[in-house]
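What follows is calculated from the coordinates using simple rules that are stated; it is not laboratory data. Here the structure is a predicted model, which means the values were calculated and not measured. Virtual Cβ from ideal backbone geometry, glycine too; neighbours counted across all protein chains shown.
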Amino acid sequence: MPKLNVLIAGSNGYIGVQLIKLLVKHNNVNIKYLCGKKSVGKNISFYEKSLQSKKLPKIIKYNKSFLKNTDLIFTALPNGEAQDISNDMLKHNVLIDLSADFRLEKASEYLKWYKQKHRAIKNIKKSFYSLPEITGNKVKNYKIISCPGCYPTSILLPLIPLIKKNLINSDNIIIDSKSGYSGAGRSVHQKYKDKNLYESIAAYGIGSHRHNSEIEQELKKHTKKKCSFIFTPHLTPMFKGILSTIYLDLKKDITIKKVQKILHDNYAKSRFVEILKPGTLISTNDVINTNNCYISIFKTKYKNRIIILSAIDNLIKGGAGQAIQNMNIRFNYPLSKGF
């Protein structure tokens, strides 16, 4: 089987580097182009020493002429830039985007939440938001694939099956999520240089974080129900990982045992989602450097209220790993390839 020629735009960011670290283990992939801006001329090993022994191209400036020799484009770029590359695509190209450029189904919503006009509106309808465990093989029909955000990944995986089965009240959901600082990109060190990034925890985007729009859109799409939730993200003094704590009210006569069964049955055949025994404590350390999502259910002192913990590695399951999952499904490769 011929290898896919791959171009990675935004190759030197945290997500881009993680993507390369996984792709070099995938024997169906040939990394043909690594693209960047400020990093042009450098070897990727400048950013990740473990890649020093790998035969990889130097980082160059993106040019649309590269797409003639490219089968698959990964874009790990600031919001807005994947739109321009999508406009350059040729008939044989497939694009997998790790930014927010194709996550929202309406250009007006993108403008509202990301404060910029969408520059590839015609491509929105050609794109597909793919959370693999939920959307499955539907991704095979699309040439522009949008990967979910890291926070939404940790939140949608436990919530969608429970709301679909009408087990919880969907009008009173509280979500408290904590992420490592890598989720904010390399610029986080400059942005928070005066805020003691490595020794403090801080809430941000309270009531207005951009991922609200994505979470709301996908819950409504997959459950056909109107959901009301409050989502508060926090930046923590660790490099990577996400732990989402979700507070839920159960419907009448619904037990933890029923919730556990629905989640377990829903993900029984999943390669990367594991539903743990109720009351199992989990931490980000349990999933770091994996493409796994661990989910655990807890009872509270109130009979009708439960807490769910959901943990992922934001750079892998919440980023590069999910992108490779989508690639494997799209091109009929085994799901375990690259991991």
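Which three extents, in whole angstrom, do the alpha-carbon atoms of the range 4-125 cover along their principal axes, largest first?
Sorted largest first, the three principal extents are 46, 28, 23 Å.
Longer than 28 Å from Cα to Cα, which of 58/112; 68/140; 32/337; 3/115 are they? Say none if no pair is.
Values: 58/112 37 Å; 68/140 21 Å; 32/337 19 Å; 3/115 39 Å.
Table pairs above 28 Å Cα-Cα are 58/112; 3/115.
For residue 3, list long-range residues whose amide hydrogen, built 1.01 Å from N in the peptide plane, is under 5 Å from its own amide hydrogen.
none
Suppose R0 equals 25 Å. What FRET efficiency, 1/(1 + (r/R0)^6) with r the Cβ-Cβ distance, do residue 126 and residue 224 give to the nearest 0.05? All intermediate terms of the calculation are to be shown ahead of the outcome.
Working: r = 24 Å, r/R0 = 0.96.
After rounding, the FRET efficiency stands at 0.55.
In a Gaussian network model over the chain where Cα atoms closer than 10 Å are linked, find which of 34, 219, 281 has the largest mean-square fluctuation.
281
Tell me, what is the FRET efficiency for residue 46 and residue 290 to the nearest 0.05, using R0 = 25 angstrom and their Cβ-Cβ distance as r? Present the calculation step by step, with values, prior to reporting the outcome.
Details: r = 26 Å, r/R0 = 1.04.
Efficiency at R0 = 25 Å is approximately 0.45.
Please compute the length gained on full extension between residue 87 and residue 105, using 0.36 nm multiplied by the number of residues separating them and subtracting their Cα-Cα distance. All intermediate terms of the calculation are to be shown ahead of the outcome.
Values: separation 18, 0.36 × 18 = 6.48 nm, distance 1.72 nm.
Answer, rounded to one decimal: 4.8 nm.
Starting from the Cα of residue 224, draw a straight line to each of the lysines and keep only those under 16 Å, dropping any in the same chain fewer than 8 residues away.
Cα-Cα hits under 16 Å: 164, 165.
Under 15 Å Cα to Cα from residue 126, which aspartates and glutamates show up? Leave out anything in the same chain fewer than 8 places away.
84, 88, 97, 101, 105
Arrange the following residues from fewest to most other Cβ atoms within 10 Å of their Cβ: 46, 128. Walk me through the numbers before you get to the answer.
Numbers: 46 14, 128 18.
Placing the least packed residue first, the sequence is 46, 128.
Just grab the label-to-label distance for residue 174 and residue 336, each label 7 Å out from Cα along the Cβ direction, in nm (one decimal).
Taking the simple label geometry, residue 174 and residue 336 are separated by 4.2 nm.
Over the chain, what is the percentage of antiparallel beta bridges among all DSSP beta bridges, to the nearest 5?
Numbers: 24 of 57 bridges.
Counting only bridges with both partners in the chain, antiparallel ones make up about 40 percent.
Taking volume of the Cα convex hull per residue in Å³ straight from the coordinates, which label in [x] 146; [y] 125; [z] 136 is the correct one?
For volume of the Cα convex hull per residue in Å³, the calculated option is [z].
Taking the Cα centre of the range 151-314 as origin and charging only Cβ (+1 Lys, Arg; -1 Asp, Glu), how large is the dipole, in debye to the nearest 20? If you can, show how the numbers build up before the last one.
Values: 26 positive and 13 negative charges, 121 e Å.
Taking the Cα centre of the range 151-314 as origin, the dipole is about 580 debye.
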